[in-house]
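Reviewing the structure listed below.
The values are calculated or read from the model by the stated rules, or taken from the named source; none is laboratory data. Remember, it's a predicted structure, so these values are computed and weren't measured experimentally. All Cβ positions, even for glycine, are placed from backbone atoms using ideal geometry, and neighbour counts span all protein chains on display. Accessible surface is based on the protein model in full, side chains and every heavy atom, while ligands, DNA and RNA are left aside. Shrake-Rupley method; radii C 1.70, N 1.55, O 1.52, S 1.80 Å.
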Amino acid sequence: MALEINLVPDIKNEMIKALKLRNLIFFICIVVASASVVVSIIFAVIAGGQQAVVDGKKGTIDLLSSKIESYGELSDFLTIKDQLSNISAISDRKQLLSRIFGVLSALLPSGPDTITISELNVNFEEEEPTISFDAQANAGSDPFIDYNVLDSFKKSMQYMRYDYGNYIDRYGKTIPAYCMIETGSDGATFYDQQKGYYAFWLINGEGCNPSAIEEVVEEEVEEVEENSEGAEGPDTEGPTESESESPVVENIVAGYPVENYNGETVVRIWRTPQYNEWYQTGNMSLDGSISDIPHFDSSCITYSGTEAENGEIHWASTNNSCLLVPDGTDGIAISDSSNGRGNSSELVLRFSATITLNSEVFSFNNKHLIAIAPSGRYNVTDSYVQIQNMFAERASDCADGDTACESTINTGGQ
């Protein structure tokens, strides 16, 4: 058996191991350093490329900026763009002062008791607009000067209403306001003694038939989709859709019965519901909803029907939300009442009044607005209304020695 003798001292073995460990550490450091150099080079290339891209984009931006600034109309364009962005907000704040005449025609009584205005002031500076006026009241019969006329005028404020909304076609689409004719040449609302109030729809006007426009768009989309499928196209030898339909009945356009009004083709749309007629044809239900027929969609008035034991339907309309004078009798202040004589030397009661109105009445966004007097009288406020009878010259003071004017007994109190 051979014996091995280790002639290398232990210290030598330790030195050899230390040399191997050193060499390994040197190798690892060299590898890490090499990798760091490679990574640094890569980062430098990326950073240089990004800087080059940024410099290129900056040059492009500077070029476009200088080109834009060279346009002389730039400031005008920016001003117009800013105004266009504010159109919606401006529209929300827009008010129609012309509606004041329709409001007055509803507020002022007509009949034996009359009130005419000699001076009018409208104030929109407050949150709720106010009207102030000097007026004279005439009872129309002895004793003529009667505070009961003024008292009745004041108490009527709590019953004043207004209404607005949209005209709707039979498919539920809103008809643009410019497509509707609501008054005649004299400014009077269209009214039928048996059926109530109505308006004319210019069905052939540009953009006036919203449902027909949508149908045309849908047909064009379907045609594009069919052609995109690679088909040869429709058979042109067969009858077209319009040819296969029955002939158009005279006085019918797009399924609506039409009339001629001042040379225009129009559809009559009732603002006053035709309760029983629409109920029998299924166009109106007892809860007041109307469908499948052109009508006025009111934002203020709700309708309802109740069936009696004998089968008759009793219809009712309610308007509790749209108050013309929100505070009722507290919304009118009367001052400076005195006796006087009118233009025809008739005895009248002179007074000054201030009435606070609902701001919604004058909002531009509230279309087809009308004022409603307690008697149910409708007054269109979006157009000219006959106003010549609303105003009169201020009544004169009682002359010295005018016993009738000075001593007429007032039958009521203020």
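Rolling a 1.4 angstrom probe over the protein chains, ignoring ligands and nucleic acids, what is the accessible area of Trp270 in square angstrom, nearest 10?
40 Å²
Under 17 Å between alpha carbons, and skipping anything fewer than 8 positions from Lys20 in its own chain: which lysines qualify?
List returned: Lys12.
Which of the lysines could be linked to Lys173 by a straight reach, that is with a Cα gap under 19 Å, when you skip same-chain ones fewer than 8 residues away?
Result set, ordered by chain and number: Lys367.
What accessible area, in Å² to the nearest ten, does a 1.4 Å probe give for Leu24?
Using a 1.4 Å probe on the heavy atoms, I get roughly 90 Å².
Sort Lys155, Lys367 by heavy-atom solvent-accessible area, probe 1.4 angstrom, most to least.
Per-residue accessible area, sorted high to low, gives Lys155, Lys367.
Place the peptides 198-209, 27-38 in order of packing, highest mean first, counting for every residue the other Cβ atoms within 10 Å and averaging per peptide.
The most tightly packed comes first, giving 198-209, 27-38.
What net charge do the residues around Cys208 carry, taking every other residue with its C-beta under 12 Å from that of Cys208, with Lys and Arg at +1 and Asp and Glu at -1?
-2
Less than 14 Å Cβ to Cβ from Gly305, Lys/Arg counted +1 and Asp/Glu -1: what total charge do the surrounding residues give?
Summing Lys/Arg as +1 and Asp/Glu as -1 gives -4.
Sorted by mean Cβ packing within 10 Å, highest first, what order do the peptides 322-330, 46-54 take?
Per-residue Cβ counts within 10 Å, averaged per peptide and sorted highest first, yield 322-330, 46-54.
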